[in-house]
Structures are given as C-alpha cells and as structure tokens.
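A short worksheet on the structure shown next.
Each reported figure results from applying straightforward, stated rules to the coordinates on display, with no laboratory input. Remember, predicted model here, so these are calculated numbers, not experimental data. In this analysis, Cβ positions are derived from the backbone assuming ideal geometry, glycine residues included, and neighbour counts consider all displayed protein chains.
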Amino acid sequence: MIEGSKIRIFVDILLSMSIFSNNIRSLRAKRKLSQQNVADDLTISRVRYSKYENGISEPPIELLIRISKYFHVSIDLLLSVDLQKYSTEDMMKLPDNRIVLPVAVDDLGNDTIEIIPQKASMGYLEGYSDVGYIESLQRIALPFLNNGKYRAFPADGDSMPPFRNGSYIVGKYVEGIDELKPGKTYVFITQNDGITYKRFKENKGNAICVSADNSFYEPYDIPFEDIVEIWQYASGIFPEDFEPGDYESYNFKEMFRELRQDIKELDKKVSTRRRKSSQ
C-alpha cells in the first residue's frame with residue numbers, strides 16, 4: 001500500500017512537470033519570445049531555462065514564483081492545467097488564476113506601500129517579480145489605505161492632469177482584467193510601454209482600450225499578452241502644488257489638436273472637389 005502511494009506521488013510529480021514545461025513553452029510562444037528573451041528577463045541562463053521547457057529539471061520555488069508573475073499566470077494553473085487549450089482572454093477568466101502579492105507591514109503593524117523611484121521606474125519591469133528588488137524599495141504608510149495591496153508609481157508626462165512629473169499615483173493591485181471598470185483610471189504595467197497611467201474604456205476581447213484625460217492624446221489598445229500588472233487608482237501624492245497656469249499648456253494642446261483636425265477635414269473636402277472636377 002505504501003509502495004503504491006509512492007508510485008502515485010511520483011506519477012503526479014512527473015505529470016505536473018510535463019504540464020508545467022508545456023505551459024511555459026506555450027506561453028512563451030504566444031508572446032513570440034525566444035528562450036533567450038525569457039531567460040534574460042528571469043536573469044538565468046538560456047540553458048537552464050531550456051531544461052524547464054524540456055522537462056529535464058524543475059525550478060526552485062523562488063524562481064517558480066518569478067515565472068508565475070512573468071507570465072501573469074498563477075502557480076496552481078502552471079502546474080495543473082493544460083493552458084494550450086485556452087485563449088489569452090479565457091486564461092484571464094480561469095477561477096484559479098489569482099496571483100496574490102504579500103502585504104508588508106511596518107513595526108507598528110500598519111500596511112506599507114512600496115514606492116517606485118522616479119529615476120528607476122523602467123527598472124520596475126525587470127524587478128517587479130524579484131522579491132529582493134521589491135524588498136529594497138522605500139516604503140510609506142497611509143492609514144486610510146487598507147484591505148488590499150498598494151504600490152506608488154511615478155507620474156510621467158502631461159497625459160493625465162493634474163499628475164505631472166514629480167507626483168505619484170498610488171494604486172491598488174487588481175487581480176484580473178475582468179475587474180476593470182469603464183471610466184476608472186489604472187496604472188498598467190506593460191511589456192512595451194513600462195508604467196503607464198490611463199483611463200479604461202472597454203474590453204475588446206483580446207485587448208483593452210485606454211485613453212488619456214488630456215484629449216490631445218488619442219485612445220489606444222493594449223493587447224492582453226502585453227499586460228504584466230494592473231493597479232487601480234487609490235490616491236495621489238503631489239510634492240508640489242498644481243498651479244492654475246499649468247492648465248494653459250493643456251488648453252493650448254487641445255486647441256492645436258482641434259486645429260489639426262480641422263486641417264484634416266479641410267484637406268478631405270479639397271481632395272473630394274478635385275476628384276469631382278477631374279471626372
């Protein structure tokens with residue numbers, strides 16, 4: 001009886017390794033990445049990573065966590081579900097696909113918020129799944145923010161007033177795309193654009209449409225596979241006052257955008273008249 005139990009356990013381990021290796025190979029292919037790309041992002045050698053895809057060896061728990069966060073798929077699904085049967089959209093909806101981030105506390109037991117440095121914001125894309133990197137970040141405690149995992153991200157550019165360079169957006173971690181609400185603002189961590197703060201418009205099935213509050217910028221789509229993390233706006237930190245004059249630059253850009261649109265429409269009318277006159 002004992003020998004039979006050992007055999008079943010051994011078979012279960014082999015099955016989990018097989019599912020895991022197939023899953024990470026499939027997830028990598030969906031993102032159109034090479035083994036070298038993934039290995040570099042995980043800061044391991046390509047040879048070591050290839051052994052995981054080929055089922056020759058299994059990663060230690062710390063690396064397994066990093067792989068889970070890298071592909072944005074829970075460890076449970078990586079080890080137990082054949083993800084090749086699901087589209088990217090369906091994978092996001094699987095009930096067990098929940099990646100839980102631990103909540104850190106200070107000496108008084110207050111929840112703390114990690115602050116992503118302004119000058120090193122691009123490094124977050126490489127370090128978000130690295131426990132050592134996250135633990136090295138400075139932290140603050142905001143007593144009115146609890147019951148969730150929060151993180152502060154630096155604002156960049158002028159697309160989302162009143163946030164500007166030097167201010168921070170505090171976001172609450174969102175577990176899945178299905179939790180996004182139209183009209184609400186979020187910090188999206190993406191493979192291509194890094195940290196971006198935008199307003200969610202709609203779910204298009206294989207991508208989400210987002211927009212800036214500054215209408216000078218056009219709405220655009222973010223593919224599901226490009227999304228690494230999502231944080232819903234919870235609060236803002238403004239090191240400096242937002243002066244009334246700052247709105248003038250936004251109004252000027254809005255005027256320029258409208259003028260550019262008028263020129264396009266005028267050009268269309270002229271082109272139409274030319275075609276008619278030539279017929």
Trypsin sites (Lys or Arg not before Pro) within region 180-231: which are DSSP loop residues with at most 12 other Cβ atoms inside 10 Å?
Lys184
Relative packing of peptides 209-222, 65-78 - highest average C-beta neighbours within 10 Å first
65-78, 209-222
³J(HN,Hα), Karplus 6.51/-1.76/1.60, whole Hz, each residue of region 28-35, x for Gly, Pro:
5, 5, 4, 8, 6, 10, 8, 4
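Computed FRET efficiency, Cβ-Cβ of Ile56 and Glu126, R0 35 Å: what is it to the nearest 0.05?
Working: r = 26 Å, r/R0 = 0.75.
According to the calculation, E is roughly 0.85.
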